[in-house]
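Trainee: Can you read through this structure? Questions will come right after.
The values are calculated or read from the model by the stated rules, or taken from the named source; none is laboratory data. What you see is a predicted model, and the numbers here were worked out from it, not measured in a lab. Glycine gets a Cβ as well: all are built from the backbone with ideal geometry, and neighbour counts include every protein chain shown. The accessibility values were calculated without ligands, DNA or RNA, using every heavy atom of the protein model including side chains. Shrake-Rupley method; radii C 1.70, N 1.55, O 1.52, S 1.80 Å.
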Amino acid sequence: IHPHYPLNVSIQVDTELSIEFFYNRHYFDDEKITRMLGHFQTLLEGIVANPQQRIYELPLLTNDELYQLLEEWNYTQADYPQEQCIQQLFEAQAQTTPDAIAVVFVDAQSTASRRVNEQLTYRELNTKANQLAHYLQKLGVKPEVLVGVCVEPGLPMIIALLAIFKAGGAYIPLDPKFPQERLGYMLEDSQISVLLTQEYLLAKLPPHQARVICLNREWESINLQGINTPKINLEPDNLMYTIYTSGSTGKPKGVQIVHRSAVNFLTAMQRKLQLTNADKLLSVTTLSFDIAILEIFLPLITGAKLVLVSREVATDGGQLLKQLNHSATTIMQATPATWRMLLDAGWEGNAQLKILCGGEALSQNLAGELCQRSSQVWNLYGPTETTIWSTIAQINDNQKIVSIGRPIDNTQIYILDKSLKPVPVGVSGELYIGGTGLARGYLNQPELTAEKFIKNPLNSEKLIYKTGDLARYLPNGEIEYLGRIDHQVKIRGFRIELGEIEAILRQHPQVRETVVVTREDIPKNHRLVAYIVPHTGNTLPVQELRDYLQQKLPDYMLPSVFLKLNKLPLTPNGKIDRRALPVPENQPLNLTATYEAPNSELETAIAKIWQEVLHLEKAGVNDNFFDLGGNSLLMVQVNNKLREVMDCDISVVEMFQNPTIKSLAKYINPNSKVKSAFTSINNRIKKQREAVNRQKSLIKRGRRLNN
């Protein structure tokens with residue numbers, strides 16, 4: 001075998017054709033080579049049978065292989081309540097278990113006595129939802145009418161969602177944490193006529209034409225409405241919700257999902273996870289993320305208990321850990337980033353817990369740690385356009401590959417090449433999804449809908465969704481996710497179109513060119529980096545750019561680093577060469593705060609921790625944690641390390657409120673003592689710097705070899 005080529009093919013032509021494969025066992029096993037030989041043989045047979053046909057049109061797969069890929073592994077037909085909508089499933093459960101607790105809300109300030117008051121039985125929840133539904137109907141809410149929901153997690157949110165369905169309408173989540181410009185676009189694009197919110201959130205809303213209903217202010221009027229179930233002509237193919245996701249043009253796009261798709265999804269998940277009325281689900285996901293549908297409605301149609309936590313609890317590893325440990329939770333869904341946050345906070349596990357993990361790729365290391373701390377671990381995959389999750393896999397801690405499993409009920413998966421032909425097992429291709437979960441399309445964007453929801457080349461009467469994801473079949477029929485084809489990424493569970501950030505950056509008057517990428521220069525620390533070419537003679541106003549984006553984008557879409565370039569590197573054909581973009585230096589450029597060294601032992605201790613977590617050469621007392629490249633997950637790490645080296649008890653929320661070293665040091669008890677463990681930080685920082693420098697050297701060496 002040639003040392004630089006793991007696969008060598010020897011072809012000899014004499015009285016007969018002789019072909020031999022020589023392969024390196026570090027790259028291939030016998031099974032892969034056998035499959036490859038079979039595909040090569042099928043290709044040769046096709047050439048003999050059709051010598052005039054183009055190579056890419058010739059078959060690689062036998063009829064038996066095609067049947068396995070397209071029929072056997074896609075046979076997911078299963079019964080579900082095809083004639084019912086979500087609220088009807090809930091109403092049936094409310095009749096069965098009216099006095100059982102349906103939902104409990106816990107916020108950061110909850111006490112034992114207060115928690116008792118912040119709960120509703122199935123009967124109480126159904127009654128309150130009926131009253132609000134009658135109120136909404138009088139405002140014109142009916143099938144296909146969109147209702148905005150801008151509320152924080154809590155009992156009013158659950159009541160509002162059910163009431164919208166009971167009135168016949170569909171909801172649009174409007175996250176109060178989103179910038180006003182983004183909310184304004186969503187309100188204008190959707191043209192909602194009714195908006196449900198809370199009085200203290202009114203100031204966060206941009207100007208709009210919708211009729212505002214403040215649930216806390218108008219509840220007395222709502223309480224005067226009838227408690228019977230409203231009469232509506234809602235069909236399973238009517239709209240249930242529209243969720244806006246990141247768009248490559250710089251504008252979000254609204255994905256429209258009907259009741260039938262959600263009912264099939266929830267039924268499939270209940271069947272697969274074997275949820276019962278004895279279960280308790282802990283919900284931690286914001287409503288603007290479509291996976292919240294599972295957390296809210298799966299327990300409510302099953303008779304289980306939904307435990308809903310505030311945003312503050314959900315984003316604080318310490319508080320979430322306490323809630324998970326003391327709530328007797330049996331099932332919880334979260335992104336890998338949230339599970340990692342819990343582990344970093346010291347979570348030791350729960351032998352009764354079923355873990356659902358999705359939203360971004362699940363690493364083998366994290367999967368193993370979760371398996372050791374729980375009853376079951378399930379890996380889930382699916383884009384918003386195909387109704388939450390489309391595949392599911394139960395994970396074992398000894399798996400070499402963490403797969404995304406197989407399609408859920410009434411869902412089909414196709415892995416196709418550029419010619420829309422099925423690829424063999426083990427070969428990567430684009431993942432397409434068909435079945436009951438397909439969205440209606442994008443709101444007010446027929447051209448984009450036609451581009452993404454295409455005719456199934458294997459059955460022209462049906463549509464499939466073009467995900468833009470790379471995947472391949474494993475020999476056992478499960479699917480391995482390989483990443484994005486385009487430049488859409490997922491960070492901490494949020495789907496981000498890098499093109500949207502770029503489009504908005506280009507609107508800034510001092511920006512001539514820009515490209516945004518996700519980098520992992522530090523292991524397990526994914527961050528967004530914006531490379532910018534300013535107009536001639538302009539400086540790079542980092543703080544100004546950050547403030548500009550903050551008015552238009554959610555926090556999770558803000559780049560951690562802004563790097564000035566004289567020009568963007570290009571490939572020979574004139575395209576941006578993303579692989580040639582330089583590795584950002586440790587310190588972000590042109591921060592507005594002038595560097596000021598720590599002045600006390602306490603400030604020095606905090607600065608050392610920042611340097612360790614953020615991989616910085618230095619950290620000034622006036623520098624903002626988030627301007628230095630920090631994010632919520634790294635803040636959790638800082639919180640944990642502070643507790644290690646200091647006698648202090650400070651929450652992550654309090655740290656968010658004090659984002660500089662100076663303000664944090666003032667907030668911490670002045671009597672706090674730095675422990676002896678502080679002396680080990682310098683050694684860890686030194687080792688980390690050496691590791692980062694080695695990685696940079698390897699990257700540079702690889703580029704020289706590529707050139």
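Trainee: Calculate the FRET efficiency for Lys322 and Arg211 from the Cβ-Cβ distance with a Förster distance of 45 Å, rounded to the nearest 0.05. Can you show the working numbers first?
Mentor: Numbers: r = 40 Å, r/R0 = 0.90.
The pair Lys322/Arg211 has a calculated efficiency of 0.65.
Trainee: For the pairs Lys204/Lys490; Lys322/Lys641; Lys280/Lys322, note any where the Cα-Cα span goes beyond 23 Å. Kindly include the intermediate steps, with their values, before the conclusion.
Mentor: On the way: Lys204/Lys490 27 Å; Lys322/Lys641 18 Å; Lys280/Lys322 16 Å.
Table pairs above 23 Å Cα-Cα are Lys204/Lys490.
Trainee: If the chain between Ile576 and Asn538 were fully stretched, how many nm would it gain, using 0.36 nm times the residue separation less the Cα-Cα distance?
Mentor: Details: separation 38, 0.36 × 38 = 13.68 nm, distance 2.21 nm.
Contour length minus the Cα-Cα distance gives 11.5 nm.
Trainee: Enter the Cα centre distance for the pair segment 590-662 and segment 285-330, rounded to the nearest angstrom.
Mentor: 29 Å
Trainee: If you don't mind, another one. Compute the convex hull volume of the Cα atoms of segment 610-663, divide it by the residue count, and report the result per residue in Å³ as a whole number.
Mentor: Value for segment 610-663: 76 Å³ per residue.
Trainee: Which residue, Ile576, Val427, Leu187, has the largest displacement toward the positive end of the dipole of the chain when charges sit on each Cβ (Lys, Arg +1; Asp, Glu -1)?
Mentor: Ile576
Trainee: For Cα pairs less than 8 Å apart in space and 6+ apart in sequence, what is the mean separation divided by the residue count of segment 406-500, i.e. the relative contact order in percent?
Mentor: Relative contact order for segment 406-500 comes out at 24 percent.
Trainee: Tell me the relative contact order for the chain as a rounded percent, counting alpha carbon contacts under 8 Å between residues six or more apart. Before the final figure, lay out each step's value.
Mentor: On the way: 1299 pairs, mean separation 66.6, N = 707.
After rounding, I find 9 percent.
Trainee: Restricting to the chain, compute how many DSSP beta bridges are antiparallel as a %, nearest 5.
Mentor: Details: 62 of 97 bridges.
Approximately 65 percent, going by the DSSP bridge assignments.
Trainee: How much accessible surface does Glu124 have with a 1.4 Å probe, in Å² rounded to 10?
Mentor: Result for Glu124: roughly 80 Å² accessible.
Trainee: Can you list the aspartates and glutamates whose alpha carbon sits under 17 Å from that of Lys418, skipping same-chain ones fewer than 8 residues off?
Mentor: Here the aspartates and glutamates satisfying the reach criterion relative to Lys418 are Glu57, Glu430, Glu451, Asp469, Asp486.
Trainee: Also, I was wondering about something else. Amide H to amide H under 5 Å from Ile491: which residues, 5+ apart in sequence or cross-chain, H placed 1.01 Å off N in plane?
Mentor: Ile496
Trainee: How far apart, in nanometres, would the label points at Ala450 and Asn599 be if each is projected 7 angstrom from Cα along the Cα-to-Cβ direction?
Mentor: Output for this residue pair reads 6.6 nm.
Trainee: Please report, in whole Å, how far the alpha carbons of segment 130-198 spread along each principal axis, starting with the longest.
Mentor: Sorted from largest, the Cα extents of segment 130-198 read 33, 25, 13 Å.
Trainee: In terms of modelled amide H atoms, which long-range or inter-chain residues lie less than 5 Å from the amide H of Asn456?
Mentor: For Asn456, the qualifying residues are Lys462, Leu463, Ile464.
Trainee: Moving on to the next point. When you count, for each residue, the other Cβ atoms within 10 Å and take the mean per peptide, how do 161-174, 306-319, 340-353, 64-77 rank with the highest first? The partial results should precede the final answer.
Mentor: Numbers: 161-174: 25.8, 306-319: 22.5, 340-353: 17.4, 64-77: 14.4.
Ranking the peptides 161-174, 306-319, 340-353, 64-77 by packing returns 161-174, 306-319, 340-353, 64-77.
Trainee: What does the helix-only formula give at 222 nm for the chain: each DSSP H stretch with n ≥ 4 adding -39500 (n - 2.57), the total divided by the residues, and the result rounded to the nearest 500 deg cm²/dmol?
Mentor: On the way: 22 runs with 233 residues, N = 707.
The per-residue figure over the chain is -10000 deg cm²/dmol.
Trainee: By DSSP, what percent of the beta bridges with both residues in segment 283-413 are antiparallel, rounded to the nearest 5? Don't jump to the answer; show the numbers that get you there.
Mentor: Details: 6 of 15 bridges.
Around 40 percent antiparallel, to the nearest 5.
Trainee: What list of ³J(HN,Hα) couplings, whole Hz, do you get for segment 153-166 from phi and the Karplus terms 6.51, -1.76, 1.60, once you set θ to phi - 60° and write x for glycine and proline?
Mentor: So the J values, rounded to whole Hz, are x, x, 4, x, 5, 5, 4, 4, 4, 5, 5, 4, 5, 5.
Trainee: Here's something else I'd like to know. Output the peptides 327-336, 181-190 sorted from most to least packed, where packing is the average of other Cβ atoms within 10 Å over each peptide's residues.
Mentor: On the way: 327-336: 21.3, 181-190: 18.8.
Top to bottom by mean Cβ count within 10 Å: 327-336, 181-190.
Trainee: A further question follows. What's the percent breakdown of Cα-Cα distances in segment 1-107 across 5 Å bins, shortest bin first?
Mentor: 2, 8, 10, 11, 12, 10, 7, 4, 4, 5, 6, 7, 6, 4, 2, 1, 0
Trainee: In debye, nearest 20: dipole of the chain around its Cα centre with unit charges on the Cβ of K, R (+) and D, E (-)? Each step should come with its number before you reach the end.
Mentor: On the way: 73 positive and 74 negative charges, 320 e Å.
Using Cβ point charges on Lys, Arg, Asp and Glu, the chain gives about 1540 debye.
Trainee: Still on this structure: Taking all pairs of distinct Cα atoms, average 1/r, flip it, and tell me the Kirkwood hydrodynamic radius of segment 451-493 in Å to one decimal place. Working shown, then result.
Mentor: Numbers: mean 1/r = 0.0804 Å⁻¹.
12.4 Å is the Kirkwood radius here.
Trainee: Can you sort His26, His615, His526, His508 by solvent-accessible area, 1.4 Å probe, largest first? Please list the in-between numbers first.
Mentor: Working: His26 175, His615 30, His526 85, His508 10 Å².
In descending accessible area the options line up as His26, His526, His615, His508.
Trainee: Next up: Could you pull the Cα extents of segment 79-223 along its three principal axes, largest to smallest, in whole Å?
Mentor: Between the extreme Cα coordinates on each principal axis of segment 79-223 lie 43, 42, 33 Å.
Trainee: Here's another thing I want to ask about it. Taking a temperature of 4 °C and a viscosity of 1.567 mPa s, what whole-number D in µm²/s does Stokes-Einstein yield for segment 175-268 with Rh from Kirkwood over alpha carbon pairs? Each step should come with its number before you reach the end.
Mentor: Values: Rh = 15.9 Å.
Value of D from the Cα-based Kirkwood radius: 81 µm²/s.
Trainee: I want the local charge near Gly254. Using Cβ-Cβ distances under 15 Å, sum +1 for each Lys or Arg and -1 for each Asp or Glu among the other residues. Spell out each step's value before the answer.
Mentor: Numbers: positive: Arg182, Lys251, Lys253, Arg440, Lys452, Arg495; negative: Glu144, Asp175, Glu188, Asp189, Asp290, Glu385, Glu447, Glu497, Glu500.
That sum, taken over residues with Cβ under 15 Å, equals -3.
Trainee: Once the whole set of protein chains is in place, how much accessible area is left on Asp547, using a 1.4 Å probe, in Å² to the nearest 10?
Mentor: For Asp547, the solvent-accessible surface is approximately 70 Å².
Trainee: So what are the ³J(HN,Hα) numbers for segment 447-464, from phi and the Karplus equation (6.51, -1.76, 1.60; θ = phi - 60°), rounded to whole Hz, Gly and Pro as x?
Mentor: 5, 5, 4, 5, 6, 9, 9, 10, 5, 5, x, 9, 7, 5, 7, 10, 9, 10
Trainee: Between segment 192-238 and segment 8-61, what is the C-alpha centre distance in whole Å?
Mentor: 64 Å
Trainee: What number in nm² do you get for segment 289-447 if you take the convex hull of its Cα atoms and divide its surface by four?
Mentor: Numbers: hull surface 46.3 nm².
Average projection, Cα convex hull of segment 289-447: 11.6 nm².
Trainee: Considering just Cα atoms, how many Å³ per residue does the convex hull of segment 14-56 enclose?
Mentor: On the way: hull volume 4.1 nm³, N = 43.
Each residue corresponds to 95 Å³ of Cα convex hull volume.
Trainee: Answer with one residue from Asn444, Thr127, Gly499: the one whose Cα lies farthest towards the positive end of the charge dipole of the chain, charges on Cβ with Lys, Arg +1 and Asp, Glu -1.
Mentor: Gly499
Trainee: OK, next. Plugging the Kirkwood radius over Cα pairs into Stokes-Einstein for the chain, at a temperature of 37 °C and a viscosity of 0.692 mPa s, what D comes out in µm²/s?
Mentor: Values: Rh = 27.9 Å.
Value of D from the Cα-based Kirkwood radius: 118 µm²/s.
Trainee: Checking the a/c ratio against 1.5 first, then a/b against b/c, what shape does the Cα gyration tensor give for segment 209-324?
Mentor: Numbers: a/c = 1.17, a/b = 1.13, b/c = 1.03.
Rounded, because the longest to shortest axis ratio a/c is under 1.5.
Trainee: How would you rank 89-97, 636-644, 403-411, 446-454, highest first, on the average number of other Cβ atoms within 10 Å across their residues? Provide the component values of the computation, followed by the final result.
Mentor: Details: 89-97: 17.9, 636-644: 19.4, 403-411: 23.2, 446-454: 14.1.
Descending mean neighbour count gives 403-411, 636-644, 89-97, 446-454.
Trainee: List every residue whose amide H lies under 5 Å from the amide H of Thr121, counting only residues 5 or more places away in sequence or on a different chain, with H placed 1.01 Å from N in the peptide plane.
Mentor: Here Ala102 satisfy the definition.
Trainee: I've got another one for you. To the nearest 20 debye, what charge dipole does segment 66-209 have about its Cα centre, counting +1 at the Cβ of each Lys and Arg and -1 at the Cβ of each Asp and Glu? Let's see the in-between values first.
Mentor: Numbers: 10 positive and 16 negative charges, 126 e Å.
Once rounded to the nearest 20, the dipole reads 600 debye.
Trainee: Also, quick follow-up: Can you give the accessible area of Phe289 in Å² (nearest 10), computed on protein heavy atoms with a 1.4 Å probe?
Mentor: 40 Å²
Trainee: Can you give the Rg/Rh ratio of segment 367-454, where Rg is from the C-alpha atoms and Rh is the Kirkwood radius? Please report the intermediate quantities before stating the final value.
Mentor: Details: Rg = 15.8 Å, Rh = 14.9 Å.
Rg/Rh for segment 367-454 comes to 1.06.
Trainee: Also, I was wondering about something else. Which of Thr539, His508, Ile388 sits farthest toward the positive end of the charge dipole of the chain, with +1 on the Cβ of Lys and Arg and -1 on the Cβ of Asp and Glu?
Mentor: Thr539
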